[in-house]
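Working notes, beginning with the structure itself.
The values are calculated or read from the model by the stated rules, or taken from the named source; none is laboratory data. Predicted, not measured: the structure shown is a model, and the values here were computed from it. Positions of Cβ are backbone-derived with ideal geometry, glycine not excepted, and every protein chain shown enters the neighbour counts. Surface areas here come from the heavy atoms of the whole protein model, side chains and all, with no ligands, DNA or RNA. Shrake-Rupley method; radii C 1.70, N 1.55, O 1.52, S 1.80 Å.
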Amino acid sequence: MISAFNYTNYDDAVSSVDYIPAQSSFGWAIAIVASIVFAFILLACYMAFRFNVSVFIVGLMQVALDLFLTICLVLICRVPVNLTFGITLFATFVMTIFNLFYFYNKIKDNLKSGRFEKAANAEIANTTVKEITVKKSIIYIALILTAILFSALAVNGVREVALGILLSLIATYYTSEFVLPSLWATMYRKGKAKKKTVTVKNEQEKTSN
């Protein structure tokens, strides 16, 4: 071969190919999600010390559970582990925060109105879920239909992102309907009513005087 192609020596017969490793976006996806979750944990720790600890423990558990279920669904459905993976986890985190705030704000309003003054946690949670299910389902149906529409497009990247978001919607809706009420009913503890005790003492002092 060397003589046939007129190579003067063996070194000239060896061609070199520059190998450029493919840039992996998986590391960026993990870094983005990890930074968001870390920021949420710091915020939750601050809010736990400032307000009710049990509420934010439930929130942390819910975020961890939703991310874990979404990762399992992504691996089962063989969604490519690239930037799509990071977008999917970010969408999961956003939907989990939405479900948490929607659920707790409704419970807060119900407790302020005095509807569940003597009710157990399980009764409060189940009633609240029933009250918000219709509106939340409408939002989820719109998002799921949009994800299905985009997953049917011919563009491969858009289809992968839409499929990942669809999996995150399925996971977060399931946990918000069946797991979150149970976590809240189990973990929630009422804060100390300091203001109430102070007002009662003041009223007693006024009556005695």
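Ignoring ligands and nucleic acids, what accessible area does Met61 show with a 1.4 Å probe (Å², nearest 10)?
Roll a 1.4 Å probe over it and Met61 shows about 80 Å².
Given the stretch 145-184 reduced to its alpha-carbon atoms as identical point scatterers, what log10 I(q)/I(0) does the Debye formula return at q = 0.21, 0.26 Å⁻¹?
Values returned for q = 0.21, 0.26 Å⁻¹ are -0.61, -0.75.
Pop the C-beta distance of Ser35 and Glu117 into the FRET formula with R0 = 41 Å and round what comes out to the nearest 0.05.
It comes to 0.50.
Please list Ser35, Ser137 in order of solvent-accessible area, largest first, computed with a 1.4 Å probe with all protein chains present. Walk me through the numbers before you get to the answer.
Numbers: Ser35 65, Ser137 25 Å².
From most accessible down to least: Ser35, Ser137.
Could you give the length gained on full extension between Ser151 and Tyr102, defined as 0.36 nm per residue of separation minus the Cα-Cα distance, in nm?
On the way: separation 49, 0.36 × 49 = 17.64 nm, distance 2.78 nm.
Net length gain for the segment: 14.9 nm.
Return one whole number: the accessible area per residue of the stretch 68-110 in Å², for a 1.4 Å probe.
50
For the stretch 74-186, divide the Cα radius of gyration by the Kirkwood radius and give the resulting Rg/Rh value with two decimals. Please report the intermediate quantities before stating the final value.
On the way: Rg = 16.7 Å, Rh = 15.4 Å.
The Rg/Rh ratio comes out at 1.09.
Accessible area, 1.4 Å probe, largest first: how do Glu117, Glu177, Glu131 sort? Mind dumping the intermediate values first?
Numbers: Glu117 130, Glu177 30, Glu131 65 Å².
Result of the area sort, largest leading: Glu117, Glu131, Glu177.
Using a 1.4 Å probe on the protein heavy atoms only, what accessible surface does Ile57 show? Give it in Å² to the nearest 10.
70
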